[in-house]
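Okay, so here's the structure we're looking at.
The values are calculated or read from the model by the stated rules, or taken from the named source; none is laboratory data. Computed from a prediction, not measured in an experiment: that's the story for all the values here. Cβ coordinates were reconstructed from backbone atoms using ideal geometry, including for glycine residues, and neighbour counts include every protein chain displayed. Side chains are part of the model used for accessible areas, which takes the heavy atoms of the whole protein and leaves out ligands, DNA and RNA. Shrake-Rupley method; radii C 1.70, N 1.55, O 1.52, S 1.80 Å.
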Amino acid sequence: MTLSEIMNVEVWNGQTLGALLTIDFLASIAGSVLAAIAILVLGGILSGWARRRLIHLGQKYKDLDDTLFNFLGNLVRYAIMGFAILFVLNTFGVQTTSIVAVIGAAGLAVGLALQGTLSNVAAGVMIVLFRPIKLGDFVEVGGQMGTVKNISLNYTELASTDNVQTIIPNANVWGNTITNYSVYDTRRAEWVFGVAYDADLKLAEETIRNTLMADPRSLTDPEPFLQVNNLGDFSVDFLARTWVQSSDYFAYQADMKRKVKEALDEAGIDIPFPTRTVIQS
């Protein structure tokens, strides 16, 4: 094949290789490339700005949920970048209508192949819409306990009590029982304190009650509960219940165990422990 024949071969949109190598065509291609770069840069800047504005809006007003606005910010970002890519394809003369149809057909096939991933996405949408948990909540999900740090389309991130990252697929979050310790402002603390059978029960009750209610974290409404709950093998057991702010719960519950023990010791009230008597014949 001669050079003249090669230059007359149609290679793109009915145009020959010789026509494509003209200065005007190369200039138009260079212009399209520059336009595509400008569109992508502008799309990236605009999508990042829109995402930050939505997240800031959720943080600005306390009545708005940060989790929802983080989720919406990511959706808006992906949507803007998707439109930017379509505009880029248009600058090169690509018919985007057929591409959208192909993407739809491919999406169906991919959806069938990635059912597990899509179930995580669907669960993520349900979590954001119905908000059983949100950022900053202290929760227990599927045996994992921690503070919610992030809710994405595919997974939920928790920081455990010892500050270890825990990643849970959204399908496991939505499909499991969720215990949210941060929803209500107050929680009920509960203990069982055992005293000896020969102890003065009235004195023991007063000592336990006064010790619990002397702590400034103890709430008077609802009223505390303190009664003999069980006659055990070695002790008379008092069941004590008081209410406290949720944020103080763990430290409060641990502190009261020590304070009540020290108060009972000071009052001369024995706290029994199991003993075994061995009789030799």
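Structural remarks
- Whole-angstrom gap from region 127-178 to region 182-209, using each part's C-alpha centre: 34 Å
- In a fully extended conformation the segment linking R258 and V192 would gain 22.5 nm over its present Cα-Cα distance, using 0.36 nm per residue.
- Å² per residue, accessible surface of region 144-281 at 1.4 Å: 64 Å²
- For the peptides 152-159, 221-228, the ranking by mean Cβ contacts within 10 Å, running from highest to lowest, is 152-159, 221-228.
- Once Rg and the Kirkwood radius are both taken over the C-alpha atoms of region 136-281, their ratio Rg/Rh works out to 1.14.
- Efficiency of FRET between A79 and D185 - r from beta-carbon atoms, R0 41 angstrom, step 0.05: 0.60
- Scoring 257-269, 73-85 by mean Cβ neighbours within 10 Å over their residues and listing the highest first yields 73-85, 257-269.
- Region 118-210 shape via C-alpha gyration tensor axes, a/c threshold 1.5: prolate
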